[in-house]
1. For the subset of segment 383-394 comprising residues that are over 41 Å from the mean Cα position of the chain (by Cα) and of a type in the set (A, V, I, L, M, F, W, C), which member is most open to solvent (accessible area, probe 1.4 Å)?
2. So if I check each of GLY280, GLY263, which one is more than 25 Å from the chain's Cα centre (by Cα) and farther than 30 Å from TRP303 by Cβ?
3. Considering only segment 54-98, state which residues are surrounded by 12 or more Cβ atoms within 10 Å (Cβ to Cβ), assigned to a loop (DSSP other than H, G, I, E, B) and acidic (Asp, Glu).
4. Would you be able to say whether some residue in segment 395-405 is acidic (Asp, Glu), part of a helix (DSSP H, G or I) and either open to solvent by less than 40 Å² (accessible area, probe 1.4 Å) or farther than 16 Å from LYS161 by Cα (or both)?
5. THR297 is checked against (1) farther than 19 Å from GLU102 by Cα; (2) exposed (fewer than 14 other Cβ atoms within 10 Å of the Cβ) and fails just one. What number does that condition carry?
6. Say whether the condition of being on the phi < 0 side of the Ramachandran plot and open to solvent by 70 Å² or more (accessible area, probe 1.4 Å) is met by at least one residue in segment 134-148.
7. Considering each of GLN273, GLN242 in turn, give the residue that is touching a residue at least 24 places away in the same chain (Cβ under 8 Å), buried (at least 18 other Cβ atoms within 10 Å of the Cβ) and within 30 Å of ASN94 (Cβ to Cβ).
Amino acid sequence: MIEFKQKRPIHCISVVALSMLIALTLPANAQIETYETVEARLFEHPALQALRHSAEAKRDTAISTKALPDPVVSLGVNNVPIADPSFDTFLPTNKSIGVRQEIPSRGERRARSRNVEGRAAQIDLEAMWVFSRLKAELVSVLAEQQRIHEQIALAKARDAKYAELQDIIKTEIDAGRPAVFRLAQVDVERAEVARLTVNLEAERANIEAKLVELVGIATSIDPPDLALRQWQGGAEEFYAVQLAKVGINIAQASIDEAKASFGPDWGVGLTYQQREAGNGALGSTFSGEDWFSAQVTFTVPLWAPKSQTPKLRAAQSSKSAAEQRFHATARQAQSEWTGLSASRLAAERSLLIFRQKIAAIDEQIAASLNSYEGGIGDYSPVIDGELAKLSFQSQIASEKARLITATVRANSLLVTP
């Protein structure tokens, strides 16, 4: 009897051989994507760049806030007679040059600068939190992409098993067994697998679009292995709470600014008056000695009850509101952390249960196979067991993605050390 050896299919090539084949076909200068290179692209996300520019703008504004206003220089002529315009016929006629410098309250300027610097620090912290959330979103998307790839492969394997099961059922029908209803049921289940595959392909397209939004490319890499960071119980370990605390500091700077507004704003001025000697005519005999004038100005808080006092009350109320937001944010952050931790624990327990079920199915498959090889029963229970195992493996892929997502989102709540 002549035996024909089946050629080894392409999908049976070892992983090492496939990797070598890909390496040979890539250009010499091709860059292999890693999570680190993708995260570097994420660091340049436009949303982060906008926050960095905003913080830099606030810091420059804080510097300018402490500066004095520009001095005012005046040039002019004074007391020129209308009937006979000249500079040597009338005693007070002169040409003048003056300089005036306004000096707003130093305490008010410093408090206003601290206010703006606090906003810059707030934006810096917000940028760090946004980057942490974007990293969590990236890892979550990569986990979903991995889940979709696994489930598509498992769906194809299920379809192949259903096709194998159909052949077995047809054989049973030919042998006179009443299995027509089972054949129709398999057709329905294959149609459901086809529908699931179509939905998974649509999800994959959405995931690729999300990756382009995050990092500019539709990369396909595995998510990194990340452990859950431990929360030590302090409210200020959360980004949101630290942002709320900075808000309290900003409100305090506003109070200091309002208090400083009760103080006077100062100003100094100096005017030099250049005079010419009289022309000697009647009434115009005077020397041409020059004059100067100097002055100091300051404001008086006469309208404080209508101006500064309401501003101070408003700043104090804003601080009270910021303190309440701090406490509310602490509760919300703790609640979100607890929810994500519970979701992560549920995913871990689900993975354990599914793996136990797969182990039980393996035992059933082995028992059914032994019975079939012993001449008892048919082969369809083996296929049914393998189909159930593939279904559980698909659910395991979902739970793995759920576990990774809960982990990275919980980590993103905590301030990076």
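1. Taking segment 383-394 as the starting set, the residues that turn out to be over 41 Å from the mean Cα position of the chain (by Cα) are 383-387.
If we keep only those that are of a type in the set (A, V, I, L, M, F, W, C) too, we end up with 383, 387.
Numbers: ILE383: 0, LEU387: 16 Å².
Result: LEU387.
2. Working: GLY263 fails: farther than 30 Å from TRP303 by Cβ.
When all the criteria are applied, what remains is GLY280.
3. Matches in segment 54-98: ASP88 only.
4. Initially, segment 395-405 is screened for residues acidic (Asp, Glu), giving 399.
Right, trim to part of a helix (DSSP H, G or I) and you get 399.
Cutting the leftovers down to either open to solvent by less than 40 Å² (accessible area, probe 1.4 Å) or farther than 16 Å from LYS161 by Cα (or both) gives us 399.
Among the residues of segment 395-405, at least one is acidic (Asp, Glu), part of a helix (DSSP H, G or I) and either open to solvent by less than 40 Å² (accessible area, probe 1.4 Å) or farther than 16 Å from LYS161 by Cα (or both), which makes the answer yes.
5. Here THR297 clears every test but (1).
6. We begin by selecting, within segment 134-148, every residue on the phi < 0 side of the Ramachandran plot; these are 134-148.
Imposing the further condition that a residue be open to solvent by 70 Å² or more (accessible area, probe 1.4 Å) reduces the set to none.
Scanning segment 134-148 turns up no residue that is on the phi < 0 side of the Ramachandran plot and open to solvent by 70 Å² or more (accessible area, probe 1.4 Å).
7. Values: GLN242 fails: within 30 Å of ASN94 (Cβ to Cβ).
On inspection, the qualifying residue turns out to be GLN273.
Residue-by-condition table, conditions (1) at pLDDT below 85; (2) part of a helix (DSSP H, G or I); (3) out of contact with any helix residue (DSSP H, G or I) (no Cβ under 6 Å at 6 or more places or on another chain); (4) open to solvent by 50 Å² or more (accessible area, probe 1.4 Å):
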site	(1), (2), (3), (4)
ALA160	no, yes, yes, yes
ARG177	yes, no, yes, yes
PHE181	yes, yes, yes, yes
ASP187	no, yes, yes, yes
LEU196	no, yes, no, yes
ALA205	no, yes, yes, yes
LYS210	no, yes, no, yes
LEU214	no, yes, no, no
ALA218	no, no, no, yes
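The values are calculated or read from the model by the stated rules, or taken from the named source; none is laboratory data. Being a predicted model, the structure only gives us computed values, none of them experimental. Don't worry about glycine lacking a Cβ; one is built from the backbone with ideal geometry, like all the others, and counts go over all protein chains shown. Please note that ligands, DNA and RNA were not included when accessible areas were found on the heavy atoms of the full protein model with its side chains. Shrake-Rupley method; radii C 1.70, N 1.55, O 1.52, S 1.80 Å.
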